[in-house]
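A short worksheet on the structure shown next.
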Amino acid sequence: ALEAHEAYFFTASEGRVSGKKVLKIFQATMSAMAHCGRPTEARLLWKEFRSKGVNGTTFLYNEYIRALVSSSDPAAALAAANEAVDMVEAMRRGSCPPDLYTYTNALSVLAEAGQWRDALRLLDVMRCDGIAPRKQQVSTALKACATADPPQPAAALALLLDWKCGQRLPPNASSLYADQPDVVAYSAALLACERAGDWECALAVAAEVEADPRVTPNSHTFVALIGCCASADAASAEYGTGGASGHQTHWRVRNDGDEDGDDAEERQQPRRQHDRHHPRRGITAVLDSSRSTRTAMVLGLLSEAE
């Protein structure tokens, strides 16, 4: 793509190439850089485009921001994050207003760099521009909380609860969020808890998953929960075997011969069979369990996930 781009402008006369044609060529080449993850080449291409004196489009800005996502080096990722924020601000001040894809790409850059504060601010900027964040944008902001150094599980939990409650509505926004949290969002919040080893936030997020009838945990959710269990011993020593918040989850077991269930024994046990009516009840049971039963309960969750 770069060779074709250079060959075109090398053979074509500057006076004979219209601004519209120049824009199309740069858009196609920038899309190739974004698709292949070439941020360095994308920056050079953007500098060349600016020298042409041609006005850009929202699509060209979006593709340039998308090309910045592949900055794997921490220092380069931070520079890309700052550049993405600057690009969004330039679009808001100029003639190319940002759209949903602009914020999606910018949030992805911020998540790669772990810039959780800028990611949360960008969600507010979206609302001020009249664009209600959707699942993909909020989940990416939650990912930024997980990839931050150090991770920010409290910020992820606050964003998750704000998403569910919708209590902060800017004056010029039609709605706070376009939809409701899904399993990807909950898993991203749990990932922040896992990386931080935050027992209390993990328990709170797990309780929110259980309380949401629209969400069924997937393999990523179970992986994050098991990771939280791996660091649960220190929390158990500090808070006791009941967990940090005192929340208890017990399993009611009915004897086959007991008709009324008054003498049924209540005890905690591994959840070996899938509960069709409450498929999420095993989550906080693992987080609340004592060390002696936690391993068996994790195995039960693994069996259910399979």
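Figure note: TYR186, TYR101 ranked by solvent-accessible area, largest first, 1.4 Å probe, ligands and nucleic acids not counted: TYR101, TYR186. Residue by residue, the stretch 46-52 carries 3J(HN,Hα) couplings of 5, 5, 5, 5, 4, 6, 7 Hz when phi is fed to the Karplus relation 6.51 cos²θ - 1.76 cosθ + 1.60 (θ = phi - 60°); x denotes Gly or Pro. Couplings for the stretch 102-118, taken from phi via the Karplus curve 6.51 cos²θ - 1.76 cosθ + 1.60 with θ = phi - 60°, read 4, 5, 4, 5, 5, 5, 5, 5, 5, 5, 4, 8, x, 8, 6, 5, 5 Hz in order; Gly and Pro are left as x.
Counted residue by residue at 0.36 nm each, then reduced by the alpha carbon distance between them, the extension gain from ALA1 to LYS52 reaches 16.5 nm. Name all residues of the stretch 50-94 having a backbone nitrogen under 12 Å from the label point set 7 Å from the Cα of ARG117 along its Cα→Cβ direction, giving them as ranges. Flagged as within label range: none. THR216 exposes around 80 Å² of accessible area when a 1.4 Å probe is run over every protein chain in place. Counting heavy atoms of the protein chains only and a 1.4 Å probe, report the per residue accessible area for the stretch 192-234 as a whole number of Å². For the stretch 192-234, the solvent-accessible area averages 41 Å² per residue.
Measuring nothing but protein heavy atoms, the accessible surface of the stretch 15-137 at 1.4 Å probe radius is 50 percent carbon and sulfur. Local charge for ARG43 was computed over the other residues whose Cβ lies under 15 Å away, with Lys and Arg +1 and Asp and Glu -1, and equals -2. 3J(HN,Hα) along the stretch 206-213: 4, 5, 5, 5, 5, 7, 9, x Hz, from the Karplus curve 6.51 cos²θ - 1.76 cosθ + 1.60 with θ = phi - 60°, whole Hz, x for Gly and Pro.
For the stretch 21-107, taking the reciprocal of the average inverse distance between every pair of different Cα atoms yields a Kirkwood hydrodynamic radius of 12.8 Å. Accessible area per residue for the stretch 36-123 is 47 Å², calculated with a 1.4 Å probe on protein heavy atoms, without ligands, DNA or RNA.
Of ILE226, ILE65, the order by accessible heavy-atom surface (1.4 Å probe, DNA, RNA and ligands excluded), from most exposed downward, is ILE226, ILE65.
The values are calculated or read from the model by the stated rules, or taken from the named source; none is laboratory data. Because the structure is a prediction, the values reported are computed rather than measured. Every residue, glycine as well, gets a Cβ built from its backbone with ideal geometry; the counts of neighbours run over all protein chains shown. Ligands, DNA and RNA are excluded from the accessible area calculation, which covers all protein heavy atoms including side chains. Shrake-Rupley method; radii C 1.70, N 1.55, O 1.52, S 1.80 Å.
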